[in-house]
Amino acid sequence: MKPQASDPGAPRALHQDLLAASELLGCVLRGESLATALPRLGGADAARRGAAQALSFEALRGLGRARALLARMHPKALKPAPLEHLLLVALALLSLPEPRPYADHTLVFEAVQACAARPRTRAARGLVNALLRRLQAQREVLLEQVLAQPEARYNHPAWWIDALRAAWPEDWERVLELAASAPPMTLRVNRRWGTREAYLGLLREAGLDAAAPETPGLEQCLVLQRAVAVTRLPLFEQGALSVQDASAQLAAGLLDPRPGMRVLDACAAPGGKTAHVLERADCELLALERDAQRAPRIGQTLERLHLRGAEVRVADAARPETWWDGRPFDRILLDAPCSASGISRRHPDIRWLRKPTDIAALALQQRELLDALWPVLRPGGQLLYATCSVFPAEGAQQAASFLERHADALALPAPGQILPDRSPERDGFYFALFAKRADVTA
């Protein structure tokens with residue numbers, strides 16, 4: 001994807017946003033995440049980049065439906081690829097339930113304009129117009145035909161749907177339905193700044209409504225039903241709060257750090273949980289991140305929140321011989337690499353980037369990390385294992401296997417599997433807490 005030239009002073013046009021969104025969609029379909037693709041819209045101003053991201057999110061949340069509609073109306077393959085990507089974005093938007101973000105005639109006109117703006121697709125503007133007008137005229141009939149297909153109805157790959165149904169026969173459908181909607185925006189008030197009640201007052205003064213969950217462990221959490229730019233959040237740059245999902249906010253409390261403890265955050269970027277630990281207690285904290293590109297974000301997060309006491313190091317947590325100084329840790333947080341299947345409504349590209357074989361490969365990586373980190377925990381210490389996944393292979397099955405391998409490991413009370421349908425304000429997460437027994441030889 002090449003950056004698009006734009007004039008920051010020019011008024012935004014929908015067809016330009018559609019073009020940018022179709023480029024982002026194309027990146028995802030080629031196997032690239034939105035997180036890496038979006039910054040390359042370097043020629044666009046912040047507003048246009050944000051609009052393109054929002055449109056690409058809608059397209060990805062409706063991609064299964066859009067693909068099925070396109071196959072129904074135009075069975076032959078479309079070339080070039082940018083034409084197909086543009087049509088998929090437009091079809092996803094035009095097939096949304098009421099109220100749709102744009103009037104039908106506006107979306108059709110602007111999609112044709114977007115098609116005409118590219119030399120490679122200009123000749124197909126008549127086709128784009130015809131297909132979109134057909135959907136506009138026959139929407140109810142066409143949707144009834146395609147929504148019989150699971151991928152079109154639930155907008156997830158078939159293997160994902162099957163795996164979720166097998167794991168959670170009573171919840172799978174609601175989990176998938178929730179993933180079609182935008183999640184709420186959750187905040188964590190920095191307790192070193194002040195109370196949740198005090199910040200709630202600042203939000204109200206700024207014209208922003210928020211709810212304060214009563215869930216134990218979420219005493220600093222606030223939930224905005226509609227996301228806003230962080231620039232609208234009072235004192236964000238001054239470190240009064242962070243944006244963090246409610247499920248993720250449970251981690252620091254479960255870890256229960258105490259002043260003076262030696263704590264390891266094994267897979268720390270971008271630093272949200274690292275910061276939360278330091279907000280709760282003055283610890284000697286080592287934050288590891290194997291990705292040298294992501295590691296600086298940990299320090300940036302801590303600096304914004306005015307937190308001290310952490311050493312950030314680029315290292316692979318699975319290889320302690322390269323970073324461990326021999327002093328055992330009192331607490332270890334392993335927020336392990338995973339499928340991220342629990343946060344697919346927040347990151348809708350994930351469902352289309354993952355492959356069925358990824359789950360087993362990630363489960364093996366999680367196992368290796370658990371086994372590598374267990375020896376660096378002191379007897380009596382605790383290790384918190386967390387994944388933002390809803391697949392048991394990365395959750396309960398992983399925890400049970402760990403306990404079978406380590407006779408000196410004791411399971412402590414923890415939430416286990418959190419499903420979004422049971423707590424709609426929270427992402428899907430899994431937590432297991434282990435204590436190292438001193439009276440048993442490993």
*Coil-residue trypsin sites (Lys or Arg not before Pro) of segment 387-442, DSSP, other Cβ within 10 Å capped at 15*: R422, R437
*For R191 and R100, what does the FRET efficiency come to when R0 = 45 Å and r is the distance between their Cβ atoms, rounded to the nearest 0.05?*
0.60
*Taking segment 61-116, which trypsin sites (Lys or Arg not before Pro) meet the DSSP loop condition and have no more than 12 other C-beta atoms within 10 Å?*
K76
*Determine the calculated [θ] at 222 nm for the chain from helices alone, applying -39500 (n - 2.57) to every DSSP H run no shorter than 4 residues and normalising by the residue count; nearest 500 deg cm²/dmol.*
-13000 deg cm²/dmol
*Straight distance only, please: which aspartates and glutamates reach the Cα of K436 with their own Cα at less than 12 Å, same-chain residues fewer than 8 apart left out?*
D330, D408
*asked:* If you average the alpha carbon positions of segment 342-409 and of segment 256-307, how far apart do those two centres end up, in angstrom?
replied: 20
*For S33, S181, what ranking results if the residue with the fewest other Cβ atoms within 10 Å of its Cβ goes first?*
S181, S33
*Cβ-derived FRET efficiency at R0 51 Å, R258 paired with Q145, nearest 0.05*: 0.25
*Once phi is turned into ³J(HN,Hα) by the Karplus curve 6.51 cos²θ - 1.76 cosθ + 1.60 with θ = phi - 60°, what whole-Hz value does each residue of segment 187-204 show in order, with x for glycine and proline?*
10, 10, 6, 5, 5, 7, 8, x, 8, 4, 5, 5, 6, 4, x, 5, 4, 5
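From the gyration tensor of the Cα coordinates in segment 36-83, what semi-axes in whole Å does the equivalent ellipsoid have, largest first, with each one equal to sqrt(5λ)?
Details: eigenvalues 142, 35, 12 Å².
Each semi-axis is √(5λ); the values are 27, 13, 8 Å.
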*Likely footprinting exposure, L87, L25, fewest C-beta neighbours within 10 Å first*: L87, L25
*At what distance in nm do the modelled label points of R226 and W159 sit from each other, each positioned 7 Å from its Cα along Cα→Cβ?*
4.0
*Where does the charge balance sit around Q220 when Lys and Arg score +1, Asp and Glu -1, over other residues with C-beta under 10 Å from its C-beta?*
+2
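Would you kindly state how much longer the chain becomes between K79 and E303 on full extension, computed as 0.36 nm times their sequence separation minus their alpha carbon distance, in nm to one decimal? It would help to have the intermediate numbers written out before the result.
Values: separation 224, 0.36 × 224 = 80.64 nm, distance 4.84 nm.
Here the answer is 75.8 nm.
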*What FRET efficiency do you get for A123 and R40 if R0 is 30 Å and r is their Cβ-Cβ distance, rounded to the nearest 0.05?*
0.65
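Mind putting a number on the dipole of segment 361-442 about its Cα centre? Charges go on the C-beta only, +1 for Lys and Arg and -1 for Asp and Glu, and I need it in Debye to the nearest 20.
Using Cβ point charges on Lys, Arg, Asp and Glu, segment 361-442 gives about 180 debye.
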*asked:* Using Cβ contacts closer than 10 Å as the measure, can you line up D335, D358 from fewest to most?
replied: D358, D335
*Residues of segment 297-325 with amide nitrogen under 20 Å from the 7 Å Cα-to-Cβ point of D282?*
302-312
*asked:* Place a point 7 Å from the Cα of Q293 along the Cα-to-Cβ direction; which residues of segment 332-351 have their backbone N under 19 Å from it?
replied: 337-340, 347-351
*Spin-label zone in segment 236-277 - amide nitrogen under 14 Å from a point set 7 Å from the Cα of A212 along the C-beta vector*: none
*With each label point set 7 Å from Cα along the Cα-Cβ vector, what nm distance links A13 and Q397?*
5.2
*asked:* Among A90, L147, L278, which residue has its Cα furthest toward the positive end of the charge dipole of the chain, with +1 on Lys/Arg Cβ and -1 on Asp/Glu Cβ?
replied: A90
_Computed magnitude of the charge dipole of the chain (debye, nearest 20; Cβ of K, R +1, Cβ of D, E -1)_ = 1340
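Given DSSP loops and a limit of at most 13 other Cβ atoms within 10 Å, what is the longest stretch of the chain that contains no such GluC sites (Glu not before Pro)?
Working: sites that count: E170, E214, E237.
Of all site-free stretches, the longest is 238-442.
Compute, for segment 247-436, the length of the dipole vector about the Cα centre, with Cβ point charges of +1 (Lys, Arg) and -1 (Asp, Glu) only. Units Debye, rounded to 20.
Working: 24 positive and 24 negative charges, 50 e Å.
Roughly 240 debye for segment 247-436.
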*asked:* If amide hydrogens are placed 1.01 Å from N in the peptide plane, which non-local residues have theirs closer than 5 Å to the one on G416?
replied: F431
*trypsin sites (Lys or Arg not before Pro) restricted to segment 106-162 and DSSP loop, no more than 12 other C-beta within 10 Å*: R120
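No value in this document is a laboratory result; all are computed from the given coordinates. Here the structure is a predicted model, which means the values were calculated and not measured. FYI the Cβ positions are ideal-geometry reconstructions off the backbone, even for glycines, and counts take in every protein chain you see.
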